[in-house]
1. Can you tell me which residue is modelled with the lowest pLDDT among those in segment 1-19 that are in contact with a helix residue (DSSP H, G or I) (Cβ under 7 Å, 6 or more places away or on another chain) and not aromatic (Phe, Trp, Tyr)?
2. From the set of residues in segment 15-43 that are among the small types (Gly, Ala, Ser) and surrounded by fewer than 15 Cβ atoms within 10 Å (Cβ to Cβ), which is farthest from the chain's Cα centre (by Cα)?
3. Every residue in segment 36-66 that is among the charged types (D, E, K, R), farther than 14 Å from VAL19 by Cβ and touching a residue at least 24 places away in the same chain (Cβ under 8 Å), please.
4. Could you list, in sequence order, all residues of segment 48-83 that are under 18 Å from TRP31 (Cβ atoms) and either over 15 Å from the mean Cα position of the chain (by Cα) or modelled with pLDDT of 85 or more (or both)?
Amino acid sequence: MRTYLISYDLAHPTRNQHVVAQAIMGIGDKWARPLSNTWYVMSEREEVELETDLRALLAEDDGLLIQATKRDAAMTNTSLRWFRQRRPSVDLAPDGNVIAFPLPATAAAEPMEPELPFAKAG
């Protein structure tokens with residue numbers, strides 16, 4: 001299984017952004033979305049297969065990047081603040097759908113922020 005960085009640029013984001021996001025979540029066993037149009041996906045498939053599936057959802061003026069990566073990553077100011085608070089052993093659970101990346105040694109030494117509750121509908 002490989003980890004891929006997938007990033008896309010839609011010329012008209014409101015046209016099918018949710019369709020593209022759903023397709024990306026469906027192409028692998030685990031995924032993470034650190035930025036609005038940037039994903040990490042773990043998949044058994046090859047880059048060409050992923051590109052073929054996603055290209056069908058894009059218009060002529062949309063851009064797509066798919067690149068195999070190493071497991072380590074450094075993230076700053078992403079939407080994954082909670083991601084950095086987790087222990088890698090929890091994130092790597094076989095039944096989970098989120099990829100865990102090791103924390104830099106300096107970040108691991110900092111005190112962890114308390115978990116924020118989810119909003120309830122209603």
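1. Within segment 1-19, the match that is modelled with the lowest pLDDT is LEU10.
2. My answer is GLY26.
3. Correct list: GLU44, GLU47, ASP61.
4. Residues satisfying the conditions are GLU49, LEU50, GLU51, ASP53, LEU54, LEU57, LEU64, LEU65, ILE66, GLN67, ALA68, THR69.
The values are calculated or read from the model by the stated rules, or taken from the named source; none is laboratory data. These numbers come from a predicted model, not from an experiment. Positions of Cβ are generated from backbone atoms using ideal geometry, with glycine treated the same way; all protein chains shown enter the neighbour counts.
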